[in-house]
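Colleague: Here's a structure for you.
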Amino acid sequence: MENLQAVDMKERKPKQIFVQGAISPAFIADSIQKHSTRHDIGGHSIFLGQVRADTIEEKPVAAIEYTTYEEMALEKMLEIREAIFSKYDLTCMHVYHSLGKVAAGEICLFVFTSSKHRRMAIDACTELVEKIKFELPVWGKELFEDESYQWKENK
Amino acid sequence: MENLQAVDMKERKPKQIFVQGAISPAFIADSIQKHSTRHDIGGHSIFLGQVRADTIEEKPVAAIEYTTYEEMALEKMLEIREAIFSKYDLTCMHVYHSLGKVAAGEICLFVFTSSKHRRMAIDACTELVEKIKFELPVWGKELFEDESYQWKENK
Amino acid sequence: MELQITIFGQLTDITGSSNIRIPAVSNTDELLAALKQQYPALGTAKFVVAVNKKIIQGNTALAANSSIALLPPFSGG
Amino acid sequence: MELQITIFGQLTDITGSSNIRIPAVSNTDELLAALKQQYPALGTAKFVVAVNKKIIQGNTALAANSSIALLPPFSGG
């Protein structure tokens, strides 16, 4: 994995991070499993964003529909990836974000960092989540059951 | 889940956190899946400890064998749980630690916090990991392939 | 000559479409003036302009083949 | 009368067993003195004493039914 990422970085080739619909727990398990061959990893830090059924004017959010400016988002993600790799001593970094509809209770964001030591993995993951929320051109539309909607705002 | 935990806290009943051998990615996936019914959760933070094959005097660590003073550890974990729940606004908190042999590349610690907002989940998880490392009476014995060993030290 | 502009998120509620065209202008200040005339609600909306996938700072020259996009505040994750 | 003491982690390399017995003493200062006489290597080892599942601070009284344990530095996770 390290070698692939080193190549990616040299070529500055954006990596796909978007997946259609919700991210399944089985996909997350697979991703964790793949790291068992890396015997230099001591800690993994994972953040999962889950769609919350906030109640707005008495109507609960049933799903969020995500859209993106994909070309720009993938270039931005490459920049973020390079910044995080140069700041933290990581073994691997993986980011997946949903597009399209994700129902309340489902996972829409999966951020996964691994390092020899726990602090590096944890700090890198925390910073990545903030950057993803505030720097990636992605928009969430909160859909109510009656087909009305409201645009999501990040805090 | 919240209700169960509230009852636990009221009764001060220690909860089992130890599992025999490695923690499987499938177990982690199951645990994530169970939270999809909780529509007030917006973010999950997960830390996974993985056994690292450090090379000590040219011999790589093949596995770590964990032992504990179980009665004391479970009481201490209950104290830690109460402290974290009173400091952070969490929906759930789960901790699993391996006992016995865990091979290099396998998962030995699974810490999982969930909250309405990401910062609470992330900060609680980070603090929990530190407390688990330094306050729980658990010992790791690093086993080499030639059956020699060295006692693990936490930094 | 026309410029094509891609519209994202809540701004499509104002423009009614995610792709709009306006008569060619030579820089982003002129572009914004033209857009606000055509869609007055853009005057109070929060957004930034991206030219060739970069968010611009200040007035920026536009070419016929520039990729132009209006981006409201991001809300991913 | 004897006290039973549970030994954990690397301290078992010194005592050779995870359960040892020593003639009854009335407090932890006496206990430590007796243990260090029997196992001189404990004199330089790093550990704390737990009585009834709590780590003690300072000299602590012992009863016949006290749970006594020697705990080297923790290394879980």
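Each reported figure results from applying straightforward, stated rules to the coordinates on display, with no laboratory input. Since we're looking at a predicted model, the values are computed, not measured. Positions of Cβ are generated from backbone atoms using ideal geometry, with glycine treated the same way; all protein chains shown enter the neighbour counts.
Colleague: Can you tell me what percent of all Cα-Cα pairs in chain A are more than 22 Å apart? Please list the in-between numbers first.
Modeller: Values: 5214 of 11935 pairs.
Considering chain A, 44 percent of its Cα-Cα pairs are separated by more than 22 Å.
Colleague: Can you work out D for chain D in µm² s⁻¹ from Stokes-Einstein, where Rh is the Kirkwood radius over C-alpha pairs, the temperature is 37 °C and the viscosity is 0.692 mPa s? Write down the numbers at each step before the final one.
Modeller: Details: Rh = 12.6 Å.
Calculated translational D: 261 µm²/s.
Colleague: Can you compute 3J(HN,Hα) from phi for each residue in segment A:98-110, using the Karplus curve 6.51 cos²θ - 1.76 cosθ + 1.60 with θ = phi - 60°, rounded to whole Hz and x for Gly and Pro?
Modeller: For segment A:98-110, the Karplus curve yields 6, 10, x, 7, 10, 6, 3, x, 8, 8, 10, 9, 9 Hz.
Colleague: Would you mind telling me which residue in A:73, A:103, A:83 has the biggest mean-square fluctuation in a Gaussian network model of chain A, where springs connect alpha carbons within a distance under 10 angstrom?
Modeller: Fluctuation is largest for A:83.
Colleague: Continuing with this model, one more query. So, with +1 on the Cβ of K and R and -1 on the Cβ of D and E, and no other charges, what is the size of the charge dipole of the protein assembly as shown about its Cα centre, to the nearest 20 debye?
Modeller: Values: 50 positive and 58 negative charges, 77 e Å.
Roughly 360 debye for the protein assembly as shown.
Colleague: Tell me, how many Å apart are the Cα centres for segment C:48-77 and for segment B:75-100?
Modeller: So the two Cα centres are separated by 46 Å.
Colleague: Now for a separate question. Work out, step by step, the length gained on full extension between residue A:13 and residue A:79: first 0.36 nm times the residue separation, then minus their alpha carbon distance; give nm to one decimal.
Modeller: 22.7 nm
Colleague: Please average, across the residues of D:24-32, the number of beta carbons from any other chain that are within 10 Å of each residue's own beta carbon, and give a whole number.
Modeller: On the way: counts 0, 0, 0, 0, 0, 0, 0, 0, 0.
Per residue, the average neighbour count from other chains is 0.
Colleague: Relative to the first principal axis of the alpha-carbon coordinates of chain A, what is the inclination of helix A:118-135, with its axis defined by its Cα atoms, in degrees from 0 to 90 and to the nearest 10?
Modeller: 40
Colleague: Here's a follow-up. List the distances, in nm and shortest first, from the label point of residue B:154 to the matching label points in every other copy, placing each point 7 Å from Cα along the Cα-to-Cβ direction.
Modeller: Taking the point 7 Å beyond Cα along Cα→Cβ, the inter-copy spacings are 3.4 nm.
Colleague: So, one more: Could you work out the mean projected area of the convex hull around the alpha carbons of segment A:23-83, in square nanometres to one decimal? Intermediate values should be presented prior to the final figure.
Modeller: On the way: hull surface 27.6 nm².
For the Cα atoms of segment A:23-83, the hull's average projected area reads 6.9 nm².
Colleague: Based on the Cβ-Cβ distance of residue D:25 and residue B:153, what FRET efficiency does E = 1/(1 + (r/R0)^6) give at R0 = 35 Å, to the nearest 0.05?
Modeller: Numbers: r = 31 Å, r/R0 = 0.88.
Working from the Cβ atoms, E equals 0.70.
Colleague: So what J values fall out for segment D:5-16 if you push phi through Karplus, 6.51 cos²θ - 1.76 cosθ + 1.60 with θ = phi - 60°, rounded to Hz, Gly and Pro as x?
Modeller: My calculation for segment D:5-16 gives 10, 9, 10, 10, x, 5, 5, 5, 5, 7, 7, x Hz in order.
Colleague: Moving on. Using modelled backbone amide H atoms (1.01 Å from N, in-plane), which distant-in-sequence or interchain residues come within less than 5 Å of residue B:152's amide H?
Modeller: B:140, B:141, B:142
Colleague: Where the label is 7 Å out from Cα toward Cβ, how close does residue C:38 come to the same position in every other copy, in nm, shortest first?
Modeller: Inter-copy label distances (nm, one decimal, shortest first): 9.0.
Colleague: Here's another thing I want to ask about it. Evaluate the protein assembly as shown: find the radius of gyration of its Cα atoms, find its Kirkwood radius, and give the ratio Rg to Rh. Present the calculation step by step, with values, prior to reporting the outcome.
Modeller: Values: Rg = 27.9 Å, Rh = 25.3 Å.
Ratio of gyration radius to Kirkwood radius: 1.10.
Colleague: Still on this structure, I have one more. Could you tell me which residue out of C:62, B:140, B:55 lies farthest along the dipole of the protein assembly as shown toward its positive end? Charges go on the beta carbon: Lys and Arg +1, Asp and Glu -1, centred on the Cα centre.
Modeller: Comparing the listed Cα positions along the dipole, C:62 ranks first.
Colleague: Tell me, what ³J(HN,Hα) does each residue in segment A:138-151 have, in order and in whole Hz, if you take phi through Karplus 6.51 cos²θ - 1.76 cosθ + 1.60 with θ = phi - 60° and put x for Gly and Pro?
Modeller: Couplings: 9, 10, x, 10, 7, 9, 8, 5, 7, 6, 7, 8, 8, 6 Hz.
Colleague: Rounded to the nearest 10 degrees, what's the angle between the helix C:28-38 long axis and the longest principal axis of chain C, both from Cα atoms, 0 to 90?
Modeller: 60
Colleague: Test of understanding: what is the full-extension gain from residue A:87 to residue A:57, defined as 0.36 nm times their sequence separation minus their Cα-Cα distance? Don't jump to the answer; show the numbers that get you there.
Modeller: Numbers: separation 30, 0.36 × 30 = 10.80 nm, distance 4.33 nm.
Stretched fully, the residue A:87-residue A:57 segment lengthens by 6.5 nm.
Colleague: Between residue B:60 and the same site in the other copies, what are the distances in nm, shortest first, taking label points 7 Å from Cα along the C-beta direction?
Modeller: Computed spacing set for this position: 4.9 nm.
Colleague: What spacing in nm lies between the two simple spin-label points modelled at residue C:65 and residue A:146, each 7 Å away from Cα in the Cβ direction?
Modeller: Going by the 7 Å Cα→Cβ label model, 5.0 nm.
Colleague: Between D and C, which D residue has the Cβ nearest their rotation axis, distance in Å?
Modeller: In residue-and-Å form, the answer is D:77, 14.
Colleague: Using a simple charge model, +1 on the beta-carbon of Lys and Arg, -1 on the beta-carbon of Asp and Glu, nothing else, what dipole does segment B:12-155 show about its Cα centre, in debye to the nearest 20?
Modeller: Values: 19 positive and 22 negative charges, 167 e Å.
With Lys and Arg at +1 and Asp and Glu at -1, about 800 debye.
Colleague: A further question on this structure: Let me understand segment D:27-68 better: what is its radius of gyration from the alpha carbons, and its Dmax, in angstrom?
Modeller: Considering segment D:27-68 through its Cα atoms, Rg and Dmax are 10.4, 28 Å.
Colleague: So what's the angle, to the nearest 10 degrees on a 0 to 90 scale, between helix B:2-11 and the longest Cα principal axis of chain B?
Modeller: Result, in degrees: 80.
Colleague: Run the quick spin-label model on residue B:34 and residue D:44: label points 7 Å from Cα toward the beta carbon, then report their separation in nm to one decimal.
Modeller: Label at residue B:34, label at residue D:44, 4.8 nm between them.
Colleague: Suppose only helical runs count, i.e. DSSP H with n ≥ 4. What mean residue ellipticity at 222 nm does that imply for chain C under -39500 (n - 2.57) per run, divided by all residues and rounded to the nearest 500 deg cm²/dmol? Show your work: numbers first, answer last.
Modeller: On the way: 2 runs with 16 residues, N = 77.
Calculated mean residue ellipticity at 222 nm is -5500 deg cm²/dmol.
Colleague: Non-local amide H neighbours of residue B:101 (under 5 Å, H modeled in plane, Pro and chain starts lacking H): which ones?
Modeller: The answer is B:21, B:66.
Colleague: Dipole size in debye (nearest 20) for chain C around its Cα centre, Lys and Arg Cβ +1, Asp and Glu Cβ -1? Walk me through the numbers before you get to the answer.
Modeller: Values: 5 positive and 4 negative charges, 33 e Å.
Charge dipole, chain C, about its Cα centre: 160 debye, nearest 20.
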